[in-house]
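Enquirer: Supplied in structure tokens, the structure appears directly below.
Bear in mind that the values in this text are calculations on the coordinates, not laboratory data. As the structure is a prediction and not an experimental result, all values here were calculated from the model. Here the Cβ is made from the backbone with ideal geometry for all residues, glycine too, and neighbour counts use every protein chain on show.
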Amino acid sequence: MARRHLVRAAVGVAAAATSLVVAAPATATSGAGSPGLGDPYFPLAGNGGYDVRHYSLDLDYVRATNFLDASTTITARATQDLRRFNLDLRGFTVSRVTVNRLPATFTRDGQELVVTPRVPLRRGKTFVVKVEYKGEPTEVIDPDGSSEGWVPTADGAFVVNEPQGSPGWYPANDNPRDKATYDMAITVPKGITAIGNGRLLSKRDRGGKTTWRWYEDSPMAPYLATATNGVFELRVSKAGRIPLYHAVDPAEVAEGAFDRLAAEAEIIAFFSDLYGPYPFSSGGGVVDHAPEVGYALESQTKSQYDSTPSAGTVVHEISHQWFGNSVSLTVWPDIWLNEGFASFSEWIYDERHGGPTAQASFDQVYARPATSSIWTRPPTNVGGPQFMFSGTVYDRGAATLQALRVKVGDRTFFRILREWYADNRNGNVTTADFVRLAEKRSGQQLDAFFDTWLYQPAKPTTW
Ligand code: TRP
Ligand code: ZN
């Protein structure tokens, strides 16, 4: 499913960092889908030539042996004639690949699974590819040294994939530009709970195992999929009309994890009011005991916490459901569109709940000396994927929005945020799109403002 916005020239010096590299025409004419989508940080993530509509994941995992026996069925539409195409998959033994039920030949090349269907695919046609694979999931180590993907825990696995963990457990068109719906059947030993995205359809016991079926009916970027499993206490409640699923590892129950998650209903109501209706048909959160992971992730409808989160972290992850998950970036160097918006969301939540004003939070960030890396590294050009989640993206990103708020006034500012969401729901955006919207709504010329805040490697002084 794709709603692709063209990446238009971004303002300022970092424009090159956010432009897409288009697949070489030579590969397109030879009928092979390109092996990557040319993301400036992860050029091989995602593939060209098709557009995924739906993933059906069938996973059987045993923690004792750390063994995953799985098959993934992908429904996609060819966007060009395809003699062969790629999926992203790391590790595992692939036993069989079919395309439209006919056996296909395949080769492995790093993170690329190269599939040659028996019958070439015609542009515009829908096709179904099924990949059967098994083995020990490979841990994906990020450029910043953190681990992601299928991360084994004491009693299961903590499954988080931003930005490139998904191919560590399922074959994907691993790029946020290609969103799709998902269903998952996760089979685990009896007594283990497995939590996927979306709504719980059923839970069935058979032969000492339990299969949990989940369905996410809104388009989802591959990195937001999850299948976290382990010993959990699962509680189902409601936020308005949508079901909320809260799963907590027994080790974290005593830490007050359920109380933290209980705040979600009010947080969802708050942001629905401020930004527009909650994007998805379910919600919730999973508090695992995996402190070695060291971060939380806003997996679609089920934020993942490696341990009991702070109240602010819950607010942060919930706000990502609007900004990051529904309104998604197009290229990873625009990560401030996720993290800056989520950090600003924490600030405005505090302001409207008797805490410090967003301006006070801004003032604290602004007080940092000019030598701080939040000023020397601009949010849109942090210096490489190893700095994707560094302070500038969060704090200077949020400060950019608060500075904009002051510049255009509250009425216009919140209109901009509401429209940003309304116009781009389930879509993909760029920084240039945001600048354009802010200019349109405010009637102000804002190139210099955004250049100072987002592109210059220096502390803004006037804006
Ligand atoms: N997006 C996460 C957040 O809510 C942070 C995150 C995802 C992260 N993957 C990471 C942080 C890897 C450090 C390393 O902010
Ligand atoms: Zn975040």
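Enquirer: Sort the following peptides by mean Cβ neighbour count (other Cβ atoms within 10 Å, averaged over residues), highest first: 45-58, 401-414.
Expert: Going by the mean number of other Cβ atoms within 10 Å, highest first, we get 45-58, 401-414.
Enquirer: Quick check: Cα centre of region 174-200 to Cα centre of region 449-463, how many Å?
Expert: If we compute the Cα centre of each part, the gap is 41 Å.
Enquirer: Another question about this same structure. Given H placed 1.01 Å from N in the peptide plane, which residues other than close sequence neighbours of Gly284 have an amide H under 5 Å from its amide H?
Expert: Under 5 Å from the amide H of Gly284 lie the amide H atoms of Tyr245, Ser303, each far enough along the sequence or on another chain.
Enquirer: Hey, what do the phi angles of region 204-209 turn into as Karplus ³J(HN,Hα) couplings, whole Hz, using 6.51/-1.76/1.60 and θ = phi - 60°, x for Gly and Pro?
Expert: Karplus-based 3J(HN,Hα) across region 204-209 equals 10, 9, 7, x, x, 10 Hz.
Enquirer: Further, regarding this structure: Can you flag which of Lys125/Lys440; Lys179/Lys459; Lys134/Lys238; Lys209/Lys238 are past 31 Å Cα-Cα?
Expert: From Lys125/Lys440; Lys179/Lys459; Lys134/Lys238; Lys209/Lys238, over 31 Å: Lys125/Lys440; Lys179/Lys459; Lys134/Lys238.
Enquirer: What is the local net charge at Phe85, summed over the other residues whose Cβ is closer than 15 Å to its Cβ (Lys, Arg +1; Asp, Glu -1)?
Expert: Details: positive: Arg53, Arg77, Arg83, Arg84, Arg108, Arg118, Arg122, Arg123, Lys125, Lys130; negative: Asp51, Asp81, Asp88, Asp109, Glu112, Asp174, Asp178.
So the surrounding residues net to +3.
Enquirer: A follow-up question, please. Go through 315-326, 68-79 and give me the packing order, highest mean Cβ count within 10 Å leading.
Expert: Ranking the peptides 315-326, 68-79 by packing returns 315-326, 68-79.
Enquirer: Now for a separate question. Extension gain Val236-Tyr295, at 0.36 nm per residue separation less the Cα-Cα distance, in nm? Before the final figure, lay out the partial values.
Expert: Working: separation 59, 0.36 × 59 = 21.24 nm, distance 2.43 nm.
In short, 18.8 nm is gained.
Enquirer: Turning to a different aspect of this structure: Sorted by mean Cβ packing within 10 Å, highest first, what order do the peptides 178-185, 210-217 take?
Expert: Working: 178-185: 22.8, 210-217: 20.1.
Going by the mean number of other Cβ atoms within 10 Å, highest first, we get 178-185, 210-217.
Enquirer: Glu139 to Asp217: FRET efficiency via 1/(1 + (r/R0)^6), r the Cβ-Cβ distance, R0 25 Å, to the nearest 0.05? Mind dumping the intermediate values first?
Expert: Numbers: r = 31 Å, r/R0 = 1.22.
With R0 = 25 Å, the Cβ-Cβ based efficiency is 0.25.
Enquirer: Another question about this same structure. Note down the magnitude of the dipole of the chain about its Cα centre, charges +1 on Lys and Arg C-beta and -1 on Asp and Glu C-beta and zero elsewhere, to the nearest 20 debye.
Expert: For this selection, approximately 1880 debye.
Enquirer: Near Asn197, within a Cβ-to-Cβ distance under 13 Å, what is the net charge of the other residues, with Lys and Arg +1 and Asp and Glu -1?
Expert: 0
Enquirer: Moving on to the next point. Between His54 and Asn426, what length comes free when the chain is fully extended (0.36 nm per residue of separation minus the Cα-Cα distance, one decimal in nm)?
Expert: Full extension from His54 to Asn426 adds 132.5 nm.
Enquirer: Once you list every other residue whose beta carbon is under 10 Å from the beta carbon of Leu297, what net charge do they have if Lys and Arg are +1 and Asp and Glu are -1?
Expert: Surrounding charge for Leu297 is -4.
Enquirer: Averaging the inverse of every distinct alpha carbon separation and then flipping it gives the Kirkwood radius. What is it for region 153-212, in angstrom units?
Expert: 13.3 Å
Enquirer: How far apart, in nanometres, would the label points at Ala269 and Asp447 be if each is projected 7 angstrom from Cα along the Cα-to-Cβ direction?
Expert: 4.6 nm
Enquirer: From Cα pairs below 8 angstrom and at least 6 apart in sequence, can you work out the relative contact order of region 357-463, rounded to a whole percent?
Expert: Relative contact order for region 357-463 comes out at 35 percent.
Enquirer: Using only the C-alpha atoms of the chain, find the volume of their convex hull and express it per residue in Å³. Walk me through the intermediate numbers first.
Expert: Details: hull volume 62.8 nm³, N = 463.
Per-residue hull volume (Cα only) is 136 Å³.
Enquirer: Can you give me the relative contact order of the chain as a percent, contacts being Cα pairs under 8 Å and 6 or more apart?
Expert: Values: 1112 pairs, mean separation 61.1, N = 463.
Worked out over the chain, it gives 13 percent.
Enquirer: Now for a separate question. Whole Å is fine, so just give me how far the alpha carbon centre of region 354-421 lies from that of region 63-81.
Expert: 38 Å
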